[in-house]
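Right, one structure below, let's go through it.
Read-outs throughout are calculated quantities, based only on the coordinates presented, and are distinct from any laboratory measurement. All values derive from a computational prediction rather than experimental measurement. Cβ: placed from backbone, ideal geometry, glycine included. Neighbour counts: every protein chain shown.
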Amino acid sequence: MLKNEWQRHRERAQELMVDRPAASEVLRFFVAITRLQEELWRELEAGLITDASADPGTNYFAQPVPQPLLGRLGWFLSGMKDSAPGPVVEAAERLRCEEAASQSEMLASFWQGTAGAVLQPGPDDFFARAFLQPYAVYVRSLLSMQWKGPTPCLCPFCGRKPSSGVLRPLGDGGQRSLICSLCLCEWEFRRIVCPACGEENHAKLPVYTAEEPKHVRVECCDSCRCYIKTVDLTKNGLAEPIVDEIAAIPLDLWAQDHGYAKVQLNLMQL
Ligand SMILES: [Zn+2]
Ligand SMILES: [Zn+2]
């Protein structure tokens with residue numbers, strides 16, 4: 001049976017936990033989150049939470065988060081207790097105890113935010129992204145849109161920034177795509193363009209790689225001082241871009257030490 005993306009991510013994270021001790025704590029927590037996300041996604045697919053599938057013509061990214069889904073937030077937050085780091089458990093508990101109206105408001109401001117997401121990096125952004133991601137993946141699957149425009153810097157489905165890039169084998173080289181930080185959509189993107197500001201001057205777009213892991217590149221832009229990490233599947237076909245990007249934490253530290261800011265933090269707020 002074909003594995004769904006949550007299962008693939010989890011299996012890869014479990015492999016990398018062994019190889020990358022520096023990332024093992026983060027990956028352990030990531031594995032626990034994907035279990036919760038998969039359960040939510042299965043309920044959505046089965047029509048147990050919303051009946052969104054009844055109207056495939058609607059763009060649910062432009063609609064409010066459905067009420068029955070909001071009702072699952074408490075379950076989601078409680079489910080993190082055993083695996084999250086202490087401060088996250090405390091923040092989850094605080095959010096869980098808030099009134100339904102303020103929980104809804106927080107989730108709505110995340111869901112409605114586009115390029116300059118309303119929420120700043122931090123606990124609310126983390127909880128909202130983790131919780132709403134399965135819904136975003138689900139509603140994207142309902143849209144039959146095919147993207148045929150110029151390569152956009154934002155996700156053509158939900159309008160969010162990419163949190164990672166990927167190079168897939170194509171001929172003798174690699175075709176670059178970006179991966180959405182919310183709905184996990186992957187869209188083709190020209191190789192020599194900054195995904196933050198559109199810079200196309202090769203000389204201003206340095207790429208750095210480390211000894212380990214060799215298949216993760218730090219793609220920088222000296223015009224806007226942003227960077228994104230891209231997972232090169234031509235060098236490691238076993239990689240799962242989203243997971244390998246998270247696991248390459250030392251490259252984020254390196255980039256930030258050199259004065260670059262990430263285009264978009266990933267799910268783990270790294
Ligand atoms: Zn998206
Ligand atoms: Zn740039």
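Summary table below
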{"read-out": "Overall form of region 1-144 per C-alpha gyration tensor (a/c, 1.5; a/b vs b/c)", "value": "oblate"}
{"read-out": "Structure-based [θ]222 nm, the chain - -39500 (n - 2.57) summed over DSSP H runs of at least 4, per residue, nearest 500", "value": "-12500 deg cm²/dmol"}
{"read-out": "For region 164-229: rounded, prolate or oblate by the Cα gyration tensor [a/c cutoff 1.5]", "value": "rounded"}
{"read-out": "Neighbourhood net charge (12 Å Cβ-Cβ; Lys/Arg +1, Asp/Glu -1) for residue 262", "value": "0"}
{"read-out": "The chain: C-alpha gyration tensor shape, a/c 1.5 cut-off, then a/b vs b/c", "value": "prolate"}
{"read-out": "Those trypsin sites (Lys or Arg not before Pro) in region 216-251 that DSSP places in a loop and that have at most 15 other beta carbons within 10 Å", "value": "225"}
{"read-out": "Alpha carbon convex hull of region 179-270, projected area averaged over orientations, nm²", "value": "5.8 nm²"}
{"read-out": "Positive minus negative residues near residue 176 (Lys, Arg vs Asp, Glu; Cβ under 13 Å)", "value": "+1"}
{"read-out": "Within the chain, longest stretch clear of exposed GluC sites (Glu not before Pro) (DSSP loop, no more than 10 other Cβ within 10 Å)", "value": "100-210"}
{"read-out": "Sequence-distant lysines (8 or more away, or on other chains) whose Cα lies within less than 21 Å of residue 229", "value": "161, 204, 214, 262"}
{"read-out": "Length-normalised contact order of region 1-124 in % [C-alpha pairs under 8 Å, at least 6 apart]", "value": "20 percent"}
{"read-out": "Stretchable slack from residue 211 to residue 89, in nm (0.36 nm times residue separation minus alpha-carbon distance)", "value": "40.4 nm"}
{"read-out": "Length gained when the stretch residue 257-residue 42 is fully extended (0.36 nm per residue, less Cα-Cα span)", "value": "73.3 nm"}
{"read-out": "Rel. contact order, % - alpha carbon contacts under 8 angstrom, at least six apart, region 134-212", "value": "23 percent"}
{"read-out": "Over the chain, relative contact order from alpha-carbon pairs under 8 Å, at least 6 apart, %", "value": "17 percent"}
{"read-out": "Alpha carbon centroid spacing (whole Å) that separates region 153-178 from region 53-90", "value": "26 Å"}
{"read-out": "Charge dipole (the chain, unit charges on Cβ, about Cα centre) - positive-most of 177, 95, 75", "value": "177"}
